[in-house]
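To keep things clear, I will list the structure first and then write my remarks on it.
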Amino acid sequence: MPSLKIASWNINSVRARIDIVQRFLEEEQPDILCLQETKVKDDTFPPAMFRKLGYDHHVLNGQPMHHGVAIISKLPLHDHGRHDWQDNGEARHIGVRLDCGIRLENVYVPAGGDVPDRTVNPKFGQKLDFIERMTRWSETLAEPTLIVGDFNIAPLECDVWSHKQLLDVVSHTPIEVEALGRLQASHDWVDLGRHFYPAPQRLHTWWSYRATDWTANDRGRRLDHMWASPEVAKMATAHKVCEPCRSWIKPSDHVPLITEFAV
DNA sequence: ATGGCTGGTAGAACCAGA
């Protein structure tokens, strides 16, 4: 049975990170790489390194300065459009169809600002609205689908270094966790991270830059996710979070996730 | 320790990340 290896990584600028993205592709050789926070317009996206390694198919949704997502692939991609779930023009989603019949959706959920109260912090409201509109979309999905990306929410107590200390910190507040729970229930999405590494195991994908040594206190959060339709989850054979990438030269603050499927 | 760091873009006593 053919194997399909899909990776997802918030790289915090594709241009600043091009060398470690190359290293990752050479070491792991995924068939498809979904990127978030590319921070580049489509006409200045750097295609050369990807082409050199055989990743000839690029579907981009970028903008100047911030945000931006891309799907880079050795296999053909069929562009399936972009959703603007904040309705503000930001580039945070791109979807494709694969020849094997799976839909692949790459999403960068807004961070949501500092204060977890939409009346004083509009960004928090926009984040909740984004998840709510995604939920309406997810309810209508009928095809086998994989959603990957930076969801900017760590839902479980064991998804953060200290549940108690992060209850009021945007990314782990109950209102966000409940919204994400409604999204997950809307399609019976299987959280592949916890499918392979059940709670209460430690599983983190992001560590702040604002620590001299990210390993010293290990104050991580699981903000990045891969969610599969139930029939797609049945095809998943392996999953990992590539934690060592956080210690590479000029790292992203997020690390890659990889799932392998028998398709 | 409520600080700490990073990238893009402008050329900031900036913004955004989370």
Extension reserve of the A:Leu156-A:Arg133 stretch, reckoned as 0.36 nm per residue once the Cα distance is removed: 6.1 nm
The alpha-carbon center of region A:139-185 and that of region A:208-263 are separated, in whole Å, by 15 Å
Signed unit charges on C-beta, dipole axis of region A:147-208, positive-most listed residue A:Val170, A:Phe196, A:Ala154: A:Phe196
Among A:Met49, A:Met1, which comes first, second and so on when ranked by fewest other beta-carbon atoms within 10 Å? A:Met1, A:Met49
Separation in nanometres of the label points that stand 7 Å from Cα toward Cβ, at A:Ala142 and A:Lys164: 5.0 nm
What dipole magnitude, in Debye to the nearest 20, does chain A give about its Cα centre under +1 on Lys/Arg Cβ and -1 on Asp/Glu Cβ? 420 debye
For the pairs A:Lys5/A:Lys74; A:Lys127/A:Lys234; A:Lys123/A:Lys240, note any where the Cα-Cα span goes beyond 22 Å. A:Lys127/A:Lys234; A:Lys123/A:Lys240
What helix-only [θ] at 222 nm does chain A give? Using -39500 (n - 2.57) per DSSP H run of at least 4, over all residues, to the nearest 500, the answer is -6500 deg cm²/dmol
Run the reach check for A:Lys250 against lysines, Cα to Cα strictly under 19 Å, same-chain hits fewer than 8 apart removed. What comes back? A:Lys39
Quick check on chain A: what does the Kirkwood estimate of hydrodynamic radius come out to from the alpha carbon pairs, in Å? 18.4 Å
At 7 Å along the Cα-to-beta-carbon direction for both A:Trp248 and A:Ser13, put a label point, then send me their distance in nm to one decimal. 1.6 nm
Normalised contact order of chain A, rounded percent, pairs of Cα under 8 Å and 6 or more residues apart: 20 percent
What nm value, rounded to one decimal, do you get for the distance between A:Ala211 and A:Asp114 when each label is placed 7 Å out toward the C-beta? 2.1 nm
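Each value in this text was obtained by applying a stated rule to the coordinates, not by laboratory testing. The shown structure was predicted, so the numbers you read here are calculated from the model rather than taken from an experiment. Note that we place each Cβ from the backbone using ideal geometry, even for glycine, and neighbour counts take in every protein chain shown.
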